[in-house]
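This report concerns only the one structure given below.
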Amino acid sequence: MLKLTWISSFLCCILLFSCHVEQNDQSEEKEALTRQDSIMQANLDKYVTVKLTADLSHLSENQKKMISLLIKVGEVMDEIFWKEAYGDKTDLILKISDARTKRFAKINYGPWDRLNDNQPFVEGIGPKPPGAAFYPPDMTKEEFENSDLPEKKSLYTLIRRDNDGNLVTAPYHVAFAVEVKKAARLLKEAAVLAEDEHFKKYLNLRAEALLNDDYYESDMAWMDMKSNMIDIITGPIETYEDQLYGYKAAHETYVLIKDLEWSQRLSKYATFLPELQEGLPVPDKYKLEVPGSESQLAAFDVIYYSGDCNAGSKTIAVNLPNDEKVQLEKGTRRSQLKNAMRAKFDKILVPIAEELIDEEQRKLITFDAFFSNTMFHEIAHGLGIKNTITGNGTVREALKEHASALEEGKADILGLYMITALHKKGEIKEELMSYYTTFLAGIFRSVRFGASSSHGKANMIRFNYFKEMGAFVRNENTGTYRVDFDKMQQAVNALSEKILTLQGDGDYQGVDLLVKELGLVKPELQKDLERLSASGIPVDIVFEQGAETLGLP
């Protein structure tokens, strides 16, 4: 009897211990899940949701039907960009069990956080390949450079391996045949509804371009459009996603409604491009090219983003086409996305200024200055030169993966140079310090995009360069920044000359050194950026968008 009692007690102890261990395991698992939920929620909180709408009351029924078709084109471009940025979207989403992580993966078009230097956030996922999915993940630069492949540097080819493991090129219109045929059909359907003849022509030509990867004629037709109320920018356009070489264009779409009043206000500034080109602070050999005389400025409400432009930080203005030949023959169109710009100003820039800009200078932060700085950034893409003076081909080819960051840096700094020059001419009446102070606040906004963003990297370089030049002063007691107007003007001219010279020379080594030395967030700035996060200031925006949001069928 005593023996049975002892055995029973022993078994009860084992059972109690097992239950305690199981409870501990469950508790630790629950804590881990809670931590993961907390991390994912913090990631999602980097973004604030904005509803993309516009006044469509002045549009005809055909135009409204056309918008629905153009949004469907954007949905196709979204599918293609997933393949370029990551690969199989469905496979990734099915691997993720919790809703927050799925949502964050969709925002980032993959398992890497675009606002945190592409750090992976899904378990079992390694670093993001610099060349995204444009190249085989095991391909080395040496292998690519030693290969004899047709069109390997083309904007519109994927690099793949054949059955024997050799590198081959796959043209976009072949690799994405199903998708581009669908998009082309939708564009042609929209063309039937188009009431503006130039827009009709563009839609038909863009449809053909998707099927043969020749975008020249459709780019030229796009530049010929002047009176269209609706616009679409779609296809493989920017090369930001290819951080291995910057050769490959990624697919995206913007659907736009023109703001006629604001567009008319802006139209005069494009006429100053040739004069401003002549006044650039560099020797004449770096400004021999004459900007196209048909450059345009226009303001739009954007009603749909997809693909590359919708990944991570959102674009609020575009300067296109990127084709250097079209730029020299026709110029470019600078499209200001006014509603998206306003959302970023109200929800992000103003709170940043309240935290980091000197109290006396905060009153200088205005939407008009933010709009103008952004607008002149886009205009400034047309300044400088597109082809190196050293025989190294185009600037984009010579500077490879650094080309986009340096070009964004050029546009930012020359935009401020242009504002200063036009203010001296009396063409801009507002207080010049407003533009400079808003510009500094804008650096804090954009540097938060991280080093994986060309815009983020460009702002890191400029912040560190300006700091070295004394363009601003940081108050150690308040942790706020104050613009030194005279020194900032000097810094603008000095950095303009440096960037334009690096581009003109096609000096890859020089740009590489500049990025390594200045293209990083240093400890003092990092602490200030952490204050913004602690204050709950979002880094960027995400959209509630689509036909249903617009009240369209």
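The values are calculated or read from the model by the stated rules, or taken from the named source; none is laboratory data. This is a predicted model, so every value here is computed, not measured. Positions of Cβ are generated from backbone atoms using ideal geometry, with glycine treated the same way; all protein chains shown enter the neighbour counts.
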Query raised in the report: Residues of segment 377-395 being of a type outside the set (A, V, I, L, M) and either over 17 Å from the mean Cα position of the chain (by Cα) or not in a helix (DSSP H, G or I) (or both), which ones?
Result: 381, 382, 384, 386, 387, 388, 390, 391, 392, 393, 394
Report summary line: Looking across segment 216-243 at residues that are closer than 30 Å to residue 152 by Cβ and surrounded by fewer than 19 Cβ atoms within 10 Å (Cβ to Cβ), the single one that is farthest from the chain's Cα centre (by Cα) is 217
Report summary line: The one condition residue 351 fails out of (1) in contact (Cβ under 8 Å) with a residue 24 or more places away in the chain; (2) surrounded by fewer than 22 Cβ atoms within 10 Å (Cβ to Cβ); (3) within 28 Å of residue 289 (Cα to Cα) is (3)
Report summary line: Residue pairs qualifying under the 7 Å Cβ cut-off, at least six apart or on distinct chains, with the first in segment 168-189 being aromatic (Phe, Trp, Tyr) and the second being assigned to a helix (DSSP H, G or I), are 176/80
Query raised in the report: Out of segment 316-328, which residues are farther than 19 Å from residue 269 by Cα and either assigned to a helix (DSSP H, G or I) or among the polar types (S, T, N, Q) (or both)?
Result: 322, 324, 325, 326
Query - Members of segment 375-389 that are hydroxyl-bearing (Ser, Thr, Tyr) and crowded, with 22+ Cβ neighbours inside 10 Å - result: none
Report task. Just need a number here: residues in segment 490-509 that are within 27 Å of the chain's Cα centre (by Cα), surrounded by fewer than 22 Cβ atoms within 10 Å (Cβ to Cβ) and in a helix (DSSP H, G or I). Result -> 8
Requested in this report: Select, from 306, 263, 313, the only residue that is polar (S, T, N, Q), in a strand (DSSP E or B) and either out of contact with any Asp or Glu (no Cβ under 7 Å at 6 or more places or on another chain) or touching a residue at least 40 places away in the same chain (Cβ under 8 Å) (or both).
Outcome: 306
Report task. Kindly provide the set of residues from segment 310-337 that are of a type in the set (S, T, N, Q) and under 27 Å from residue 538 (Cα atoms), ordered by number. Result -> 310, 313, 315, 319, 335, 336
Query - Contacts under 6 angstrom Cβ, first residue in segment 119-140 being of a type in the set (Phe, Trp, Tyr), partner in a loop (DSSP other than H, G, I, E, B), 6 or more apart - result: 134/242; 134/248
Report summary line: For segment 510-535 the number of residues that are surrounded by 14 or more Cβ atoms within 10 Å (Cβ to Cβ) and either part of a loop (DSSP other than H, G, I, E, B) or touching a Ser or Thr at 6+ places or on another chain (Cβ under 6 Å) (or both) is 3
Query raised in the report: Do we have residue 364 as more than 25 Å from the chain's Cα centre (by Cα), hydrophobic (A, V, I, L, M, F, W, C), crowded, with 19+ Cβ neighbours inside 10 Å and at pLDDT 90 or above here?
Result: yes
Query raised in the report: Can you name the residue in segment 361-387 that is among the β-branched types (Val, Ile, Thr) and either touching a strand residue (DSSP E or B) at 6+ places or on another chain (Cβ under 7 Å) or free of Cβ contacts under 8 Å to residues at least 60 places away in the same chain (or both) and is also farthest from residue 480 (Cα to Cα) among such residues?
Result: 379
Report summary line: Exactly one of 285, 325, 338 is touching a residue at least 24 places away in the same chain (Cβ under 8 Å), surrounded by 20 or more Cβ atoms within 10 Å (Cβ to Cβ) and not hydroxyl-bearing (Ser, Thr, Tyr), and that residue is 338
Query raised in the report: Do any helices (runs of 4 or more DSSP H) lying entirely in segment 76-191 carry at least 3 residues that are surrounded by 20 or more Cβ atoms within 10 Å (Cβ to Cβ) and out of contact with any strand residue (DSSP E or B) (no Cβ under 8 Å at 6 or more places or on another chain), and which ones are they?
Result: 99-108
Requested in this report: With the condition kept exactly as written, say whether any residue in segment 193-210 is within 30 Å of residue 137 (Cα to Cα) and either assigned to a loop (DSSP other than H, G, I, E, B) or among the hydrophobic types (A, V, I, L, M, F, W, C) (or both).
Outcome: yes
Report summary line: Restricting attention to segment 95-150, the residues that are hydrophobic (A, V, I, L, M, F, W, C) and over 24 Å from residue 457 (Cβ atoms) number exactly 4
Query raised in the report: Just wondering, is there one or more residues in segment 94-117 that are under 20 Å from residue 243 (Cα atoms), out of contact with any Pro (no Cβ under 8 Å at 6 or more places or on another chain), at pLDDT below 95 and not charged (D, E, K, R)?
Result: yes
Report summary line: Restricting segment 456-485 to residues that are touching a Gly at 6+ places or on another chain (Cβ under 9 Å) and buried (at least 23 other Cβ atoms within 10 Å of the Cβ), the one nearest to residue 522 (Cα to Cα) turns out to be 460
